[in-house]
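Here's the structure we're looking at; comments come further down.
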């Protein structure tokens, strides 16, 4: 049995997808030592290289491609999954980007997409934890906010309106699904270990789909502030066939986004 450190988020999609791997419910000789942190914290931590497996935004991976390689299983990727720009009142994407806008981290895929969509029209950026963005917009601390994770399902509760869906923008520009994050392996791991990790991740996601109630307590324990309905929406949106395997379409979308990030 091989053991690897594994960083992922406490969000319902990750705890649902990776519960079987953490709990030792799959038939692969791999055990993991889980390290749960917000995605932007994982992005920052990857610069130290201390985690052997870790979830990374593609905004971060573009700068860390010499240290980490994305695996084909475990990714957050799909259609209709994009980050949203929200505000207290209606405005255009260009107006939101040009003003003062809160973002959930400079290494997030969300901020990468905002930069791609706004081009030279990006104004003042205020970096906050992802779960602080809605409050900042609601209070008027900033004119607009870039939201990810469960905020996609709760922004209306804060009296906010959707300005733009950056996933729709990406799909309109490329015709491709949107890559948000991938499980990445440190490049010093052997190809055999990477293959093992990929098989184990795939088996974990497949177990989650086959036994959707098995992870319920685990998901709930790490999402205590979220309603059961929001957890279900979160999982249904972000865990899909691409999470089992990227396929040619998913791999091509990742290549396209990383090329745009490098450019």
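The figures follow:
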{"quantity": "Test result for residue 83, in contact (Cβ under 8 Å) with a residue 12 or more places away in the chain, surrounded by 21 or more Cβ atoms within 10 Å (Cβ to Cβ), within 30 Å of residue 216 (Cβ to Cβ) and out of contact with any strand residue (DSSP E or B) (no Cβ under 8 Å at 6 or more places or on another chain)", "calculated": "no"}
{"quantity": "Hits in region 218-237 - residues which are in contact with a helix residue (DSSP H, G or I) (Cβ under 7 Å, 6 or more places away or on another chain) and either under 21 Å from residue 25 (Cα atoms) or at pLDDT 95 or above (or both)", "calculated": "218, 219, 222, 235"}
{"quantity": "Filter pass, residue 147 being under 29 Å from residue 6 (Cα atoms), in contact with a strand residue (DSSP E or B) (Cβ under 7 Å, 6 or more places away or on another chain) and in the same structural domain as residue 60 (by TED's automatic domain parsing)", "calculated": "no"}
{"quantity": "Number of the condition not met by residue 74 [criteria: (1) within 22 Å of residue 231 (Cβ to Cβ); (2) touching a strand residue (DSSP E or B) at 6+ places or on another chain (Cβ under 6 Å); (3) not assigned by TED's automatic domain parsing to the domain that holds residue 204]", "calculated": "(3)"}
{"quantity": "Residue list for region 3-28, filter: closer than 17 Å to residue 51 by Cβ, over 20 Å from the mean Cα position of the chain (by Cα) and either surrounded by 24 or more Cβ atoms within 10 Å (Cβ to Cβ) or touching a residue at least 60 places away in the same chain (Cβ under 8 Å) (or both)", "calculated": "4"}
{"quantity": "Selection within region 18-28 - at negative phi and part of a loop (DSSP other than H, G, I, E, B)", "calculated": "23, 25, 26, 27, 28"}
{"quantity": "Meets criteria (assigned to a helix (DSSP H, G or I), under 30 Å from residue 96 (Cβ atoms) and touching a strand residue (DSSP E or B) at 6+ places or on another chain (Cβ under 7 Å)) for residue 172", "calculated": "no"}
{"quantity": "Enumeration of residues in region 104-122 that are within 14 Å of the chain's Cα centre (by Cα) and not in a loop (DSSP other than H, G, I, E, B)", "calculated": "109, 110, 111, 112, 113"}
{"quantity": "Options 194, 187, 162, 199; residue that is in contact (Cβ under 8 Å) with a residue 40 or more places away in the chain, surrounded by fewer than 20 Cβ atoms within 10 Å (Cβ to Cβ) and outside the structural domain of residue 56 (by TED's automatic domain parsing)", "calculated": "162"}
{"quantity": "Single condition residue 101 does not satisfy, out of (1) closer than 26 Å to residue 198 by Cβ; (2) surrounded by 18 or more Cβ atoms within 10 Å (Cβ to Cβ)", "calculated": "(1)"}
{"quantity": "Residues being part of a helix (DSSP H, G or I) and on the phi > 0 side of the Ramachandran plot - total across region 175-191", "calculated": "0"}
{"quantity": "Matching residues in region 123-157 - criterion: being more than 22 Å from the chain's Cα centre (by Cα) and crowded, with 16+ Cβ neighbours inside 10 Å", "calculated": "138, 142, 143"}
{"quantity": "Considering residues of region 29-52 that are assigned to a strand (DSSP E or B) and touching a helix residue (DSSP H, G or I) at 6+ places or on another chain (Cβ under 7 Å) only, the residue surrounded by the fewest Cβ atoms within 10 Å (Cβ to Cβ)", "calculated": "34"}
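Condition check ((1) within 19 Å of the chain's Cα centre (by Cα); (2) free of Cβ contacts under 8 Å to residues at least 60 places away in the same chain; (3) farther than 17 Å from residue 150 by Cα; (4) surrounded by fewer than 17 Cβ atoms within 10 Å (Cβ to Cβ)) across all residues:
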| residue | (1), (2), (3), (4) |
| --- | --- |
| 214 | no, no, yes, yes |
| 224 | no, yes, no, yes |
| 229 | no, yes, no, yes |
| 240 | yes, no, no, no |
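The values are calculated or read from the model by the stated rules, or taken from the named source; none is laboratory data. Everything numeric here is computed off the predicted structure, so don't read it as measured data. With ideal geometry, Cβ positions are generated from the backbone for all residues, glycine too; neighbour counts draw on all protein chains shown.
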